[in-house]
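Every number here is computed from the coordinates shown, using simple stated rules; none is lab data. Note that the structure is predicted; figures quoted are calculated from it, not measured. Virtual Cβ from ideal backbone geometry, glycine too; neighbours counted across all protein chains shown.
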Amino acid sequence: MRLTPDGQTIYLTVKFLPHSVFKPSPNGDLSCEVSVPFLTCVLGGEVDLASLQGKTVMKIPPGTQNGSVLRLKGLGLNGKDGKAADLFITLKAILPTSLSPEEKRIFEDLKQVNAKKSTARVS
């Protein structure tokens with residue numbers, strides 16, 4: 001609110017457009033989705049990631065499930081107290097859409113090995 005020289009009050013309405021990648025929460029945390037090769041989810045690894053503070057590397061533990069949420073401390077928005085909130089990343093595993101004959105054979109072998117130690121679950 002601001003008063004003009006003649007005593008009039010001016011009200012401004014500010015609307016922010018949503019960010020194309022990051023979704024804010026009221027406490028300053030940010031969230032986004034990141035697509036990751038499924039083998040990185042299975043075996044673990046690192047993924048380069050852009051944040052509001054610049055590029056960072058996110059470590060993905062072995063056995064990470066599709067849809068898992070990882071937290072990167074201090075990479076959210078800065079609060080009124082000057083402390084940065086966190087960035088929450090939802091992982092989306094990228095599954096192959098076509099396989100070479102060798103890849104298909106490897107997956108068939110893996111399927112047989114896996115069938116011996118587990119059965120399907122309903123969740």
In the chain, what is the count of Lys pairs whose alpha carbons are under 18 Å apart, counting only pairs at least 8 residues apart or on separate chains? 8
Be a star and scan the stretch 61-96 for residues whose amide nitrogen sits under 13 Å from the point 7 Å along the Cα-to-Cβ vector of ASN114. 63-66, 95-96
Between helix 101-117 and the chain: long-axis angle, C-alpha atoms, 0 to 90°, nearest 10: 80
Give the order of THR97, THR40, THR9 when sorted by the count of other beta carbons within 10 angstrom, beginning with the fewest. THR97, THR9, THR40
Give me LEU75, LEU110 sorted ascending by neighbouring Cβ count inside 10 Å, so fewest comes first. LEU110, LEU75
Tell me the volume per residue, in Å³, of the convex hull enclosing the alpha carbons of the chain. 182
Residue of SER31, SER98, SER20 that the Gaussian network model of the chain assigns the largest fluctuation, springs spanning Cα pairs under 10 Å: SER98
Ranked on Cβ counts within 10 Å of their own Cβ, fewest leading, VAL21, VAL14 go VAL14, VAL21
